[in-house]
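The values are calculated or read from the model by the stated rules, or taken from the named source; none is laboratory data. All values reported here derive from a predicted model rather than from experimental measurement. Positions of Cβ are generated from backbone atoms using ideal geometry, with glycine treated the same way; all protein chains shown enter the neighbour counts. With ligands, DNA and RNA removed, areas are computed over all heavy atoms of the protein, side chains included. Shrake-Rupley method; radii C 1.70, N 1.55, O 1.52, S 1.80 Å.
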Amino acid sequence: MSELYLNGAFVAPQQAMISVMDRGFLFGDGVYEVIPVYAGHPLRAAEHLQRLDNSLRAIGLQVPLSGADWSSVFTRLLAPDPMTDQALYLQVTRGSAPTRDHRFPAQPTPTVLAMAKPMKARDAAVAEQGVTVVTREDIRWLRCDIKSTSLLAAVLLRQSAQEAGAEEAILVRDGLALEGSTSNLFIVRDGQLITPPKGPLLLAGITRDLVLELARGDGISTQERDLAVEELRQADEVWISSSTREVLPVTRLDERSVGDGRPGPLWRRIDARYQAFKAELRRAAA
Ligand code: PMP
């Protein structure tokens, strides 16, 4: 990474400094976004910026950048590596205050950070074998719709999945499977695509919306409704989705096979549509 954006300036990462009094550091008092970029072209940038705005509003913060300002920041950050697939990371905190106090400073000056990093292509083995997930009790708070940098619960859950040899932890609250620790959740049952509804208990994934759109465009019937963990266990197919991982087929769940233990036919259809959608973005960028 040659430069990042911090509070209005473009600086080398080694020169980018924030105060130890920053509330992002002290309290995790901030929000963030991750936007995938294909050949210099951000995927659904407007939707990601809208979600950033929703998260900021939810924590009573305003960011001093317009859509056009963000767009020129992105152009400059992406310029050194225009043809590589990248991920843009944006973070806004409530800035720093002279003393450590949970209460908001009267006139906060947000800390605004943006940086780009290369995004790895999917491992070819995933399309052949799928990934493994484990279920875990959802120990997060009740505002999972805010994309907050207070990620300790997600960190512990993802680590627990890692230690169990799994790609992701699927989070279960009151018998309902909600989402992954860093992804949304889909199942296929009798040809229907089902995903839990948006609300305070999960993050409204931008990839989730795109997957639903692609499925509907392909004539697949979709349902956004509560998903009991037993249904998850009996699903024909299970998928997880996120901006950096796209749509991944899950073939093992808590040490048992999902369906016939291979990525399913609907996943192949949606993945083909997703790859075509990306190819279109790349073409538009060329
Ligand atoms: N849920 C959670 C908890 C996440 O952290 C993420 C990824 N940031 C997602 C869902 C997927 O969201 P998106 O498709 O917008 O990356």
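Which value in nm describes the separation of the simple spin-label points at S72 and F10, placed 7 Å from the Cα toward the beta carbon?
Output for this residue pair reads 1.1 nm.
Stretched out fully, how many nm does the piece from A79 to Q62 gain, at 0.36 nm a residue minus the Cα gap? Could the numbers behind the result be given before it?
Working: separation 17, 0.36 × 17 = 6.12 nm, distance 2.74 nm.
Extra length from A79 to Q62 when fully extended: 3.4 nm.
Return a whole-number percent for the relative contact order of the range 161-286, with Cα pairs under 8 Å and 6 or more residues apart as the contact set.
Numbers: 190 pairs, mean separation 27.9, N = 126.
Answer for the range 161-286 is 22 percent.
For the ranges 121-127, 107-113, what's the packing order if you count other beta-carbon atoms within 10 Å of each residue, average per peptide, and put the highest first? If you can, show how the numbers build up before the last one.
Details: 121-127: 11.4, 107-113: 16.7.
Ranking the peptides 121-127, 107-113 by packing returns 107-113, 121-127.
Out of the total accessible area of the chain (probe 1.4 Å, heavy atoms of protein only), what percent is carbon and sulfur? Could you put the intermediate results ahead of the total?
Details: 7330 of 13920 Å².
The computed percentage sits at 53.
Measuring with a 1.4 Å probe in the full set of protein chains, what accessible area per residue, in whole Å², belongs to the range 124-282? Don't jump to the answer; show the numbers that get you there.
On the way: 7030 Å² over 159 residues.
I get 44 Å² per residue for this part.
Between D190 and D53, what's the calculated FRET efficiency when r is the beta-carbon distance and R0 is 35 Å? Round to 0.05. Kindly include the intermediate steps, with their values, before the conclusion.
On the way: r = 38 Å, r/R0 = 1.09.
So the FRET efficiency works out to roughly 0.35.
Looking only at the range 124-138, which residues have a backbone nitrogen under 18 Å from a spot 7 Å from the Cα of D236 in the C-beta direction?
Residues passing the 18 Å test: none.
Could you calculate the contour length gain from D254 to S2, that is, 0.36 nm times the residue separation minus the distance between their Cα atoms, to one decimal place in nm?
On the way: separation 252, 0.36 × 252 = 90.72 nm, distance 4.19 nm.
That works out to 86.5 nm of additional length.
First measure r as the distance between the Cβ atoms of D218 and E128, then evaluate 1/(1 + (r/R0)^6) with R0 = 25 Å and state the FRET efficiency to the nearest 0.05.
On the way: r = 22 Å, r/R0 = 0.89.
Plugging the Cβ-Cβ distance into 1/(1 + (r/R0)^6) gives 0.65.
For the range 161-201 and the range 4-80, write down the distance between their C-alpha centroids in whole Å.
27 Å
Can you grab the distance from the C-alpha centre of the range 81-158 to the C-alpha centre of the range 213-276, Å, no decimals?
The range 81-158 and the range 213-276 have Cα centres separated by 23 Å.
Taking 7 Å along the Cα-to-C-beta vector as the label spot, tell me the W141-F104 distance in nanometres, rounded to one decimal.
1.4 nm
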